[in-house]
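Below is one structure, written out as structure tokens; the observations come after it.
The values are calculated or read from the model by the stated rules, or taken from the named source; none is laboratory data. Only a predicted model underlies this, so the values are computations on that prediction, with no experimental measurement involved. Glycine also receives a Cβ, built like all others from the backbone with ideal geometry; neighbour counts cover every protein chain displayed. Ligands, DNA and RNA are excluded from the accessible area calculation, which covers all protein heavy atoms including side chains. Shrake-Rupley method; radii C 1.70, N 1.55, O 1.52, S 1.80 Å.
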Amino acid sequence: MNNFQLTKALTISDAVRAGGESQTSQQGAQVRFIAGGTTLLDLMKLDVENPRVVVDINRLPLGQIEPLGDGGIKIGALTRNSDVAQHATVKRDYTVLSQALLSGASPQLRNMATTSGNLLQRTRCVYFRDTAYPCNKRKPGSGCAAIGGYNRMLAILGTSEHCIASNPSDQNVALAALEATISVHGAKGERVVPIHDFFVVPGSTPERENVLEPGDLITHVSLPALPGRTRSYYLKLRDRAAYEFALVSAAVVITQEGGTIRRARVALGGVGTKPWRSPEAEGALEGRATVEDVFRNAARDALNGARPASENGFKVELAQRCLVRCLKLATQSA
Ligand SMILES: Cc1cc2nc3c(=O)[nH]c(=O)nc-3n(C[C@H](O)[C@H](O)[C@H](O)COP(=O)(O)OP(=O)(O)OC[C@H]3O[C@@H](n4cnc5c(N)ncnc54)[C@H](O)[C@@H]3O)c2cc1C
Ligand code: SF4
């Protein structure tokens, strides 16, 4: 690992000032924040990330989950994944988030990993993590070894000719279905970004993964109140039962009245270059009965735009089956 200087941020302004010295607070930057360290330190050991200064933000008062006036909740950026997953309100009202977090990594990792670090974890594309190969995300303009290479785990939605990396997070899929908002404190003040607008697809600039600007510090993630009679579910399919990233996953948040779906929010994981919300599937569900044919149509619509690479064509059907099963589980649990 390269030499770097570690500084501790005691206030949010300290952190933002330190981050602002950098070209960007994100990818490839000279100054980086460290939360749980379970992504950043791995990438530093692999020589993929080489920050000059690492700013430890763990002393900032951002580790709480608090109720919001409108019935929603506010999750501090530094709240550990384990604490969020086991929080009584999250388990009861935002089940999909608890399930998604518990399906990820291992108990030890979840005890370290934070809400903001999870939000910003990098792709598991093997070429991104190996400096011997070309990778447009790691080194813009160098090429993409995954297109035509080992791409079984990678994305089929939102890809470009420059990058087909999938967003690996389970948490982010649940947050997309819950319509979370992300509060950011930056050099120009505070702002709130809906998760839908937070992540960007690779296009011709795969090195940029989100809308964070130089010095931006995520302070918390908010979840809106959900209507009564809403049930949610997260289903993850992977090569082994634990300690493995999703091949495909589905997060659904469904409000039912009798046997009819009044409101549906659907997001897919493992298939998108960003957590993949599907308005197409939602449109195919709302106002319709909770029956398998309807679920199948929604799943077909969700994968309509899929563009598989050489090794991941199986994800189209697997993701459809995953979504159908997830919808069954969510609606049966009502
Ligand atoms: C072996 C292994 C298996 C895993 N399996 C899974 C899995 O199955 N599913 C899954 O979803 N994840 C999995 N993960 C990923 C894990 O969830 C992430 O590593 C973790 O969530 C990152 O959180 P962190 O706090 O440790 O992030 P860090 O490493 O501290 O930070 C990650 C990034 O976020 C930035 N950052 C952190 N906080 C802020 C902030 N407040 N504002 C601005 N920038 C910030 C950092 O600068 C860095 O770029 C796995 C990881 C490992 C090592
Ligand atoms: S898919 Fe993206 S991350 Fe993977 S090698 Fe290609 S450019 Fe790099």
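Highest GNM mean-square fluctuation, the chain, Cα pairs closer than 10 Å: which of Gln64, Gln108, Gln171? Judging by the Gaussian network model, the answer is Gln108. Taking segment 268-289 and a reference point 7 angstrom along Cα→Cβ of Val200, the backbone N atoms nearer than 18 Å belong to 273-276. Helix content alone sets the calculated 222 nm mean residue ellipticity of the chain: runs of n ≥ 4 DSSP H residues at -39500 (n - 2.57) each, divided across all residues, give -7500 deg cm²/dmol.
The modelled label-to-label distance between Ala187 and Arg296, using points 7 Å beyond Cα along the C-beta direction, is 5.6 nm.
Scalar couplings 3J(HN,Hα) for segment 274-286, obtained by applying the Karplus form with A = 6.51, B = -1.76, C = 1.60 to θ = phi - 60°, are 9, x, 9, 6, 10, x, 5, 5, 4, x, 6, 9, 5 Hz; x denotes Gly and Pro. The mean sequence separation of alpha-carbon pairs under 8 Å and at least six residues apart, normalised by the residue count of the chain, gives a relative contact order of 18 percent.
Between Met112 and Arg52, the contour length at 0.36 nm per residue exceeds the alpha carbon distance by 19.3 nm.
In sequence order, segment 167-183 has phi-based couplings of 7, x, 6, 7, 3, 5, 5, 5, 5, 5, 5, 8, 6, 5, 10, 10, 8 Hz under the Karplus curve 6.51 cos²θ - 1.76 cosθ + 1.60, θ = phi - 60°, and Gly or Pro positions carry x. For segment 104-123 versus segment 150-183, the spacing of their alpha-carbon centroids is 15 Å.
Here the 3J(HN,Hα) profile of segment 216-228, calculated from phi with Karplus coefficients 6.51, -1.76 and 1.60 at θ = phi - 60°, is 5, 10, 6, 9, 6, 10, 10, 10, x, 5, 9, x, x Hz, Gly and Pro shown as x. Averaging sequence separations of C-alpha pairs under 8 Å and six or more residues apart, then dividing by the length of segment 1-123, give the relative contact order as a whole percent. Over segment 1-123, the number comes to 25 percent. Note on segment 153-302: Cα-only Rg and Dmax are 16.5, 51 Å. The count of lysine pairs in the chain that are at least 8 places apart or cross chains, and whose C-alpha atoms lie under 23 Å apart, stands at 17.
Which value, in Å², gives the accessible area per residue of the chain when a 1.4 Å probe is used on the protein heavy atoms? Spell out each step's value before the answer.
Numbers: 14350 Å² over 334 residues.
With the other protein chains kept in place, the chain gives 43 Å² per residue.
For segment 202-334, give the percent of accessible area contributed by carbon and sulfur heavy atoms, probe 1.4 Å, rounded to a whole number.
On the way: 2580 of 5550 Å².
Ligands and nucleic acids excluded, carbon and sulfur reach 47 percent.
Summing charges over all other residues whose Cβ lies under 13 Å from the Cβ of Ala251, with Lys and Arg as +1 and Asp and Glu as -1, gives +2.
List the relative contact order of segment 163-307 as a percent without decimals, with contacts defined as Cα pairs under 8 Å and 6+ residues apart.
Numbers: 282 pairs, mean separation 33.9, N = 145.
Relative contact order of segment 163-307: 23 percent.
Classification of segment 286-334 by its C-alpha gyration tensor yields a prolate form. The axis ratio a/c (a ≥ b ≥ c) is 1.5 or more, and a/b outweighs b/c.
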